[in-house]
Ligand SMILES: [Zn+2]
C-alpha cells in the first residue's frame with residue numbers, strides 16, 4: 001500500500017496517466033500557442049533558417065502531405081493571386097523563359113500541339129484540292145515533274161501537298177503541289193533556305209502567295 005501523502009509529494013505519481021495521450025498533448029500545445037502566439041511564430045521563423053529546419057522543410061516538401069497541401073494552395077483564390085503576381089514579375093518571366101528552352105518544356109509544348117491538332121482536325125476540302133491542282137497545273141512546283149494520282153505511295157510522281165509555312169494554314173494560300181521526293185527532302189524546313197541548298201530558284205507561285213499573305 002502506498003501512503004496517500006507520499007502520492008501527493010511524488011512527482012511521477014502525481015502526473016495523471018491520460019495527460020500523456022496525444023489528444024491531451026495537442027490540446028496543451030494549442031492552448032500554449034494561443035497564449036504566446038508572437039513568440040512561437042518568431043521561434044518558428046528562427047528554426048526555419050537553421051540547417052535542421054531547412055532539412056525538415058525539404059523533407060516535408062517531398063512528402064505526400066506537403067505536395068497535397070501545395071496543390072490545394074495553388075488552386076485557392078489566394079494562391080492564384082500570388083501566382084499571377086509572380087508570373088508578371090521579372091523573376092517569373094526569366095524562369096518561364098528558362099523552362100521553355102529546357103527539354104521538359106519543349107516536350108510539353110509538342111504534346112500540347114499534338115493535342116490541339118487532335119481536337120481540331122485540319123483537313124483539306126475537295127474543292128480546295130481541285131483548285132490547287134488546277135492552279136499548279138498538276139506539276140511539282142519545285143522540280144516541274146508531272147504528277148499522277150494513280151501511282152503507289154512513295155513513287156517519284158506521287159502527288160502530295162506541301163505547306164509553304166510549316167504549322168501554317170491548311171488552305172490554298174499555304175499549299176502547293178509537290179512530288180514525293182521534293183516533299184520528303186523539304187519536310188518542315190524553311191522554303192528559302194531549302195531552295196538555296198538545292199541550288200534552285202524559289203518558285204514564282206510561292207513568292208506570289210507569300211506576298212499576298
Ligand atoms: Zn518535285
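The values are calculated or read from the model by the stated rules, or taken from the named source; none is laboratory data. All of these numbers come straight from a predicted model, not from anything done at the bench. Here Cβ is always computed from backbone atoms with ideal geometry, including for glycine, and neighbour counts include all displayed protein chains.
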Item to complete: Quick one: residue 153 ticks every box in (1) away from the ligand (no atom under 13 Å from the Cβ); (2) in contact with a strand residue (DSSP E or B) (Cβ under 7 Å, 6 or more places away or on another chain); (3) in a loop (DSSP other than H, G, I, E, B) except a single one, so which number is it?
Response: (2)
Worksheet, complete the sentence: Going through (1) assigned to a loop (DSSP other than H, G, I, E, B); (2) at pLDDT 90 or above one by one, residue 122 fails only at (2)
Worksheet entry | Condition broken by residue 104, with the remaining ones in (1) farther than 22 Å from residue 211 by Cβ; (2) away from the ligand (no atom under 16 Å from the Cβ); (3) part of a loop (DSSP other than H, G, I, E, B) satisfied | (3)
Discussion item. Being under 20 Å from residue 210 (Cβ atoms) and not in a strand (DSSP E or B) is true for just one of 161, 192. Which residue is that?
Written reply: 192
Item to complete: Report the residue count in region 180-195 for those that are under 11 Å from residue 165 (Cα atoms) and near the ligand (Cβ under 9 Å from one of its atoms).
Response: 0
Item to complete: Test residue 54 against the criterion of being within 22 Å of the chain's Cα centre (by Cα) and either surrounded by 11 or more Cβ atoms within 10 Å (Cβ to Cβ) or at pLDDT below 90 (or both), and give yes or no.
Response: no
Item to complete: Would you confirm whether any residue within region 180-199 is more than 36 Å from the chain's Cα centre (by Cα), modelled with pLDDT under 90 and surrounded by 13 or more Cβ atoms within 10 Å (Cβ to Cβ)?
Response: yes
Worksheet item: If you check residue 31 against the conditions, is it at pLDDT 90 or above, more than 45 Å from the chain's Cα centre (by Cα) and assigned to a helix (DSSP H, G or I)?
Response: yes
Practice prompt. Tell me, please, whether a residue that is part of a loop (DSSP other than H, G, I, E, B) and more than 16 Å from the ligand (Cβ to nearest atom) can be found in region 107-119.
Written response: no
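Yes/no matrix, rows are residues, columns are (1) surrounded by 15 or more Cβ atoms within 10 Å (Cβ to Cβ); (2) within 12 Å of the ligand (Cβ to nearest atom); (3) without any contact (Cβ under 8 Å) to a residue 60 or more places away in the chain:
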position	(1), (2), (3)
140	yes, yes, yes
149	no, no, yes
157	yes, yes, yes
161	yes, no, yes
165	no, no, yes
169	no, no, yes
178	yes, yes, yes
201	no, no, yes
207	no, no, yes
